[in-house]
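See below for the structure under consideration.
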Amino acid sequence: MQAALARWLSDRKIYYGWAVVAATFATMLATAGAMGSAGVLLAPLQAEFGWSNAEVSSAMALRLVLFGLMGPFAAAFMNHFGLRRVVSVALLMIGGGLAASMLMTEHWQLLLLWGGVVGLGTGMTALVLGATVATRWFVRRRGLVVGLMTASNATGQLVFLPLLAALTEAIGWRAALAFVVAMLLLALALVTLLMRDHPAELGLAPLGGSGVVPPAKPKGGLLDLLASPLRALREASASRAFWVLFGTFFICGLSTNGLIQTHWVSLCGDFGVAPVGAAGMLAVIGLFDLVGTVASGWLADRYDNRWLLFWFYGLRGLSLLYLPFTEFNLIALGFFAVFYGLDWIATVPPTVRLVAERFGAERAGLVFGWVFAGHQLGAATAAFAAGSARSAFDTYLPALFVAGGFCLLAALMVLSLRRPVPQNVTEPVPARA
C-alpha cells in the first residue's frame, strides 16, 4: 500500500517522506499527550491516595529519567529493528501502562507504571524518533522537519491539558487517561498504514539527496546492539562540543518539561488560578510553541545555530525571572504564555543541526540520543527538586529563579562552540595519551 501511495504522491510532485512525517507527527503528539497528562494528575492523586507532592513528583522524575536515558538505546533499536516495529511496541507499552494505572492503589504501582513502563515507552518515541526520521528521509528541509517534530512533541504535552483537566474535574482522572489511550491507538493505526523505515525501501532517495542509499544491514547480536550507544558516547565524549550541547540541553529540560510542564497547574493553584484556567494557559504556551519551533527549524537552515541558541536560552531565562514578579492575573499570565511559548522547545532544531554537523549524519541519532538524555536528566532534576521545595517551603518561586539563572548561563555556554564545520564532517577527536 505504501508503494502505491508513494507513486500516487510522486505523480503530484509530493515526496513520500512527508507521509512518514505525518505518521511520526501523530505519534509524537499522542505520546507527548501521555507525558503532559502528568501535570493534571498531581492534585487528584494526592487527594485520592493521600500521597505528598514529593511522592507523586518522584514517580514523574523517574519517568523523565528513563524517558531521557532510553533515547540513545531507542536510536540503536531503530537502526536494528526498524522504525515501524520500535514505534509500534512503544505505543503499546505506553497505552498498556496508562490503562493499568487506572487500577493502581499503592505508591509502588505509580512508580512502576508511570515511572517505569510509561517512561521507557515514551523514551522510544521521543525527539530521537523525530531526529532519526529527519536525517534518514531529508537532506533538504531537515531543519524544518525537526522543527515540526519538536513542535508536535512539545505542543502535544500542552494542548491536550485543558481537555484532560476538564475531564479530570468533571469525571475523574481515569477518564482523562482513557482519552489518552484512545489517541495512542489512533497513532498506532497511522504508523501501521504509513510508516516505512528507509526511503530506499520504496526506491527513493532522501529529499535533496544525490541518490538512493541502501540501508545498512544490522551487525552483530543483541550485546552488540546494546553496546553501540555506549561506544557512541565514548567517542563523542572526547569532544568538548558534546559536553557543551549536553550541558545546555540539561538546562533546557530543567527550564521546561520538569518545571513548567509538571508543576504549572499546581504553581498557578498557589495563586488562586483554577486548574482548567491554568491548563488553558499551558495550551496557549503550546500553540505559540508550534509557531516558535517551526520558525526555529526554518531559521536553523539559514543562520548560525550558535547565535540562535544564545537568543533562545537568554530570552527564556528572562521570561522565567519575570514570572515571579507578576501577580498571576490573566494579563500577566497571557503575556508570559506568549513570550515563553515561542521559546518553549525552539532550542531543539539548532541543537540537532549542531550535532549532525559535528558528529556526522550516521552517528547523529545516537549522539543526539545522549544529548537528549541530558535534557531529560535536567527535567527530572527540576520535577523532583521543585516538588520537594514546594513541600518544604510552600512555594515554587525559588525554582523559577534557579531555572532562569541557568538559562542565562546556557546562553553564554553555546558561544564557546567553534563556528560550524561542514555537514557530514566529524569534529576532530583529541589525541589520547
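Taking D224 and the conditions (1) in a helix (DSSP H, G or I); (2) open to solvent by less than 60 Å² (accessible area, probe 1.4 Å); (3) not hydrophobic (A, V, I, L, M, F, W, C), which numbered condition does it fall short on, given that it satisfies the others?
Answer for D224: the failing condition is (2).
Which one of D289, D301 is open to solvent by less than 40 Å² (accessible area, probe 1.4 Å) and charged (D, E, K, R)?
D289
If you take the residues of segment 111-152 that are of a type in the set (S, T, N, Q) and out of contact with any Pro (no Cβ under 8 Å at 6 or more places or on another chain), which of them is modelled with the lowest pLDDT?
Going through the qualifying residues, I end up with S152.
Do we find that L185 is part of a helix (DSSP H, G or I), at pLDDT 90 or above, open to solvent by 30 Å² or more (accessible area, probe 1.4 Å) and farther than 26 Å from T347 by Cβ in this structure?
Yes; evaluated as a whole, the condition is true for this residue.
Hey, could you check segment 367-381 for residues that are modelled with pLDDT of 85 or more and more than 17 Å from F406 (Cβ to Cβ) and say which is least open to solvent (accessible area, probe 1.4 Å)?
Of everything passing the filter in segment 367-381, V367 is least open to solvent (accessible area, probe 1.4 Å).
Got at least one residue in segment 196-210 being touching a residue at least 40 places away in the same chain (Cβ under 8 Å), within 22 Å of the chain's Cα centre (by Cα) and more than 30 Å from V338 (Cα to Cα)?
yes
Conditions: (1) at pLDDT below 80; (2) touching a Leu at 6+ places or on another chain (Cβ under 9 Å). A61 meets all but one. Number of the miss?
Here A61 meets the rest and fails (2).
Identify the residue in segment 120-145 that is open to solvent by 40 Å² or more (accessible area, probe 1.4 Å) and within 17 Å of the chain's Cα centre (by Cα) and, among all such residues, is nearest to F359 (Cα to Cα).
Among residues in segment 120-145 that are open to solvent by 40 Å² or more (accessible area, probe 1.4 Å) and within 17 Å of the chain's Cα centre (by Cα), the one nearest to F359 (Cα to Cα) is L144.
Suppose the filter is open to solvent by less than 10 Å² (accessible area, probe 1.4 Å) and out of contact with any Asp or Glu (no Cβ under 9 Å at 6 or more places or on another chain); does V117 pass it?
Spelling it out, it is not the case that V117 is open to solvent by less than 10 Å² (accessible area, probe 1.4 Å) and out of contact with any Asp or Glu (no Cβ under 9 Å at 6 or more places or on another chain).
Looking at (1) buried (at least 22 other Cβ atoms within 10 Å of the Cβ); (2) modelled with pLDDT of 85 or more; (3) more than 21 Å from the chain's Cα centre (by Cα), which is the only condition M413 fails?
All conditions pass for M413, except number (1).
For segment 353-366, does any single residue satisfy the condition of being among the β-branched types (V, I, T), open to solvent by 10 Å² or more (accessible area, probe 1.4 Å) and touching a helix residue (DSSP H, G or I) at 6+ places or on another chain (Cβ under 9 Å)?
Among the residues of segment 353-366, not one is among the β-branched types (V, I, T), open to solvent by 10 Å² or more (accessible area, probe 1.4 Å) and touching a helix residue (DSSP H, G or I) at 6+ places or on another chain (Cβ under 9 Å), which makes the answer no.
If a residue has to be open to solvent by 40 Å² or more (accessible area, probe 1.4 Å) and either in contact with a Phe, Trp or Tyr (Cβ under 8 Å, 6 or more places away or on another chain) or of a type in the set (G, A, S) (or both) to count, how many in segment 238-268 make the cut?
Counting residues in segment 238-268 that are open to solvent by 40 Å² or more (accessible area, probe 1.4 Å) and either in contact with a Phe, Trp or Tyr (Cβ under 8 Å, 6 or more places away or on another chain) or of a type in the set (G, A, S) (or both) gives 1.
Looking at segment 10-28 only, could you name the residues that are modelled with pLDDT of 80 or more and open to solvent by 20 Å² or more (accessible area, probe 1.4 Å)?
R12, K13, I14, Y15, W18, A22, F25, A26
What single numbered condition from (1) in contact (Cβ under 8 Å) with a residue 12 or more places away in the chain; (2) open to solvent by 40 Å² or more (accessible area, probe 1.4 Å); (3) part of a loop (DSSP other than H, G, I, E, B); (4) not acidic (D, E) fails to hold for V276?
(3)
The values are calculated or read from the model by the stated rules, or taken from the named source; none is laboratory data. Treat the numbers as computed from the prediction; the structure is a model and nothing was measured. Counting neighbours? That spans all protein chains shown, and the Cβs are built from the backbone with ideal geometry, glycine included. These area figures cover heavy atoms from the full protein model, side chains too; ligands, DNA and RNA do not enter into them. Shrake-Rupley method; radii C 1.70, N 1.55, O 1.52, S 1.80 Å.
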